[in-house]
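Notes follow the structure.
The values are calculated or read from the model by the stated rules, or taken from the named source; none is laboratory data. If you're wondering where the values come from, they're calculated on a predicted model, not measured in any experiment. Neighbour counts are summed over all protein chains in view; Cβ atoms, including those assigned to glycine, are modelled from backbone coordinates with ideal geometry.
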Amino acid sequence: MLIKANNSCFLMIDVQERLIGAVQNPQQIVEHCAWLLRLSQFMAIPILVSEQYPQGLGRTVSALLPFIPQESLMEKIHFSCVSSEPCLTQIEETGCHQFILAGIESHVCVLQTALELQEIGKEVFVVSEAVSSRHPQDKEMALARLRDMGIHIVTREMVLFEWAHQAATEKFRQLNREFLR
């Protein structure tokens, strides 16, 4: 199945100040998440952003805040966004059937959110280069397990091209200039 722009939501999970420095390739994760946030804004895709226990782990990385609508921020204490009542309500209020996930950590909050989204009937796509864990093996095993469970592992460009759906339009020319060059 293809990712449909009119039926998907971008969900960024726990890219927080006190967590980001502990994961592999932190700068790359921030850059890729910023790219996905900007792309979501450009394509008018709903954005949700979770923060795991922000009182202890800090808020979302400040470099990402300019791309996040304030009403998109969701606090949680469960590892999965679906298990956290305020988050689940916002997920359901989007009306979206497809969720594109990025964030940290791959083997904890991303994995549990992906599997629980799938349990409630959502189609889930995890952006491979926009997730990370403290240890490379944890990310590798998380992606393998997610794939085995029927979660779609995708790249940022796969998301862009599936949302765009066609070339030779002014919108695609703008996407090409802004996100592909």
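List of remarks:
- All positions within region 144-156 that are more than 14 Å from the chain's Cα centre (by Cα) and over 14 Å from F99 (Cβ atoms): A144, R145, R147, D148, M149
- Note on region 30-52: among residues that are under 22 Å from H78 (Cβ atoms) and among the hydrophobic types (A, V, I, L, M, F, W, C), the one that is surrounded by the fewest Cβ atoms within 10 Å (Cβ to Cβ) is I47.
- Exclusive hit being among the aromatic types (F, W, Y) and at pLDDT 95 or above, set F79, F172: F79
Residue-wise test of (1) under 12 Å from the mean Cα position of the chain (by Cα); (2) closer than 17 Å to L11 by Cβ; (3) of a type in the set (D, E, K, R); (4) in a helix (DSSP H, G or I).
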{"residue": "L111", "(1), (2), (3), (4)": "yes, yes, no, yes"}
{"residue": "A114", "(1), (2), (3), (4)": "yes, yes, no, yes"}
{"residue": "S128", "(1), (2), (3), (4)": "yes, yes, no, no"}
{"residue": "K171", "(1), (2), (3), (4)": "no, no, yes, yes"}
{"residue": "N176", "(1), (2), (3), (4)": "no, no, no, yes"}
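- Listed by first and then second residue, the pairs with beta-carbon distance under 8 Å, at least 6 apart or on different chains, first residue in region 86-106 and free of Cβ contacts under 8 Å to residues at least 60 places away in the same chain and under 24 Å from W35 (Cβ atoms), second in a helix (DSSP H, G or I) and of a type in the set (V, I, T), form an empty list.
- Meets criteria (surrounded by 15 or more Cβ atoms within 10 Å (Cβ to Cβ) and in contact (Cβ under 8 Å) with a residue 40 or more places away in the chain) for P26: yes
- Condition check for Q27: within 17 Å of S133 (Cβ to Cβ) and at pLDDT below 95: no
- Options V108, V49; residue that is closer than 21 Å to P26 by Cα and touching a Ser or Thr at 6+ places or on another chain (Cβ under 6 Å): V49
Here's the yes/no breakdown for (1) of a type in the set (D, E, K, R); (2) under 20 Å from V49 (Cβ atoms); (3) at pLDDT 95 or above:
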position	(1), (2), (3)
E119	yes, no, yes
V126	no, yes, yes
E129	yes, yes, yes
Q137	no, no, yes
M141	no, no, yes
A144	no, no, yes
I153	no, no, yes
F161	no, no, yes
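- Hey, I20 buried (at least 21 other Cβ atoms within 10 Å of the Cβ), under 19 Å from K122 (Cα atoms) and of a type outside the set (S, T, N, Q) or not: no
- Scanning region 80-112 for residues that are over 21 Å from N7 (Cα atoms), crowded, with 20+ Cβ neighbours inside 10 Å and either in contact with a helix residue (DSSP H, G or I) (Cβ under 8 Å, 6 or more places away or on another chain) or among the aliphatic types (A, V, I, L, M) (or both) yields a total of 6.
- Evaluation of D14 against (1) out of contact with any Cys (no Cβ under 9 Å at 6 or more places or on another chain); (2) at positive phi (one fails), failing number: (1)
- Residue within region 138-149 that is touching a residue at least 60 places away in the same chain (Cβ under 8 Å) and farther than 21 Å from P46 by Cβ present: yes
- So L115, is it surrounded by 23 or more Cβ atoms within 10 Å (Cβ to Cβ), without any contact (Cβ under 8 Å) to a residue 40 or more places away in the chain and not acidic (D, E): no
- Failed condition for D138, given (1) outside any strand (DSSP E or B); (2) closer than 16 Å to Q28 by Cβ: (2)
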